[in-house]
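For reference, the structure discussed in these notes is given below.
The values are calculated or read from the model by the stated rules, or taken from the named source; none is laboratory data. Since the structure is predicted, the reported quantities are computational estimates derived from the model, not experimental observations. Here the Cβ positions follow ideal geometry from the backbone for every residue, glycine too, while neighbour counts run over all protein chains shown. For accessibility, only protein heavy atoms count, side chains too; no ligands or nucleic acids. Shrake-Rupley method; radii C 1.70, N 1.55, O 1.52, S 1.80 Å.
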Amino acid sequence: MEPRILGLHHVTAIAGNARRNYDFYTKVLGLRFVKKTVNFDDPGTYHFYFGDETGSAGTILTFFPWEHITQGRRGIGQATEVGYSVPAGSFDFWIKRFEQYGVTYNKPSEKFGEPYLTFLDPDGLKLELIVSKTDDPRTPWTTAEVGAEMATKGFHTVTLTLASIAATAEILTDVFGYTLLESHVNRHRYVTDTVQGAAYIDLVEAPGEARSVTAGGSVHHIAFRVKDDEAELYFRKKLIEKGLQPTPQIDRDYFHSVYFREPGGVLFEIATDNPGFTVDEPLAELGTHLMLPKQHEHLRARLEASLPPIG
C-alpha cells in the first residue's frame, strides 16, 4: 500500500511573553506541557509544546514566544483558525472559564452542522472549540480544574484563508489524499479517512481580504502527519513531481520534517511519528526539564540563566 497522510501532526504559532503563554495553555485550557526546548535557529528563544499525555500527533500546539514581537494580522496566505474537538455539553463550562480569566470569546455558533465557540489566546491567536458530529475516541489530558467531560481532545480543524483555493485544494486532494466533504458559501471542508481526529482542513476563499502579517498571535506553519521516514520521503518525491520545492528531511529531535510553501502561501510541514517525545524524557517527566538540541547543549548554562522562568 502507498503511504498515507494521517491528518494533522502539529500546529506551530508565535507568541509574545513566555510565562503568559505557558499559563494560558496549561492552566486556562488545561493542556499538558509536553516539551520545553528552544528554537533550533534562535536558541535564545523557547520552543514550547502543548498536547495530550504523550504528545500524540494531532494534539500538539507549539509556540515560539518572542518577548517583543509585533502583533500579527490574520489574512490571506495564512492558517487563520485552529479548532479543538471538545465533548458535547462543554460550552457552558468553557464560557464561565473564559469569563473567569478574561478571555475574549464570541457566543456559540454553528458551521457544517457542528457547534463551535471562538476565542482568542492572550496574543490574539484565533482558536475554536468544536463539538464534532462524528465520534472522537481520543482520550484527553485532564487537570484538577478541566475534567474529561470538558477537556479538549486534540485538533479538529485548521482553517486556511486564501485568495484562491484551487491550487491548495489540488495539493490536499492529489498529493495528500484528502477529499472535499462539503462546502458552504466560501468555506470548503476537506477530510482524510485515515484518522478519526485531526482529520479536517477548511479552505476559505477570500480574494478581497488583505494579505496576512505573520507575527505575534499568528500561525507560523501547520504540519501533516506521516508514519515514518519512508512515508515522508515518498511525499517529498510527490511534491517535487508537482513542481514544488520541499526542503531536505530535517531532524527536529522529536520528529523528522520536510517543509514547503503551498501555492496559496501557507507554510506546510510533513512530520513523522518517530522518534516521539519520550526520546529524551520519560513519559511522567515530559515538560519538566529544559531539553536542548544537541548542537545547543554547550549553551546550557547561558540559556538557563537568560531564558525567562516559567511554571
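Observations, loosely collected:
For (1) closer than 22 Å to residue 292 by Cβ; (2) under 13 Å from the mean Cα position of the chain (by Cα); (3) surrounded by 19 or more Cβ atoms within 10 Å (Cβ to Cβ), each residue gets a yes or a no:
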site	(1), (2), (3)
5	no, no, yes
10	yes, yes, yes
21	yes, no, yes
28	no, no, yes
36	yes, no, yes
41	yes, no, no
53	no, no, no
60	yes, yes, yes
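- Qualifying residue in the range 263-271 (condition: part of a loop (DSSP other than H, G, I, E, B), in contact with a Phe, Trp or Tyr (Cβ under 8 Å, 6 or more places away or on another chain) and not hydroxyl-bearing (Ser, Thr, Tyr)): no
- Test result for residue 128, open to solvent by less than 10 Å² (accessible area, probe 1.4 Å), more than 18 Å from the chain's Cα centre (by Cα) and closer than 27 Å to residue 221 by Cβ: no
- Residues considered: 163, 169, 215, 198. Of these, the only one that is of a type in the set (Gly, Ala, Ser), farther than 29 Å from residue 66 by Cβ and out of contact with any Lys or Arg (no Cβ under 6 Å at 6 or more places or on another chain) is 169.
- Annotation: residue 223 fulfils all but one of (1) part of a strand (DSSP E or B); (2) surrounded by fewer than 21 Cβ atoms within 10 Å (Cβ to Cβ); (3) of a type outside the set (Val, Ile, Thr); the unmet one is (2).
- Candidates 12, 54, filtered to the one that is of a type in the set (S, T, N, Q) and in a strand (DSSP E or B): 12
- The range 115-125, residues that are surrounded by fewer than 19 Cβ atoms within 10 Å (Cβ to Cβ) and either touching a Gly at 6+ places or on another chain (Cβ under 6 Å) or not hydrophobic (A, V, I, L, M, F, W, C) (or both): 115, 118, 124
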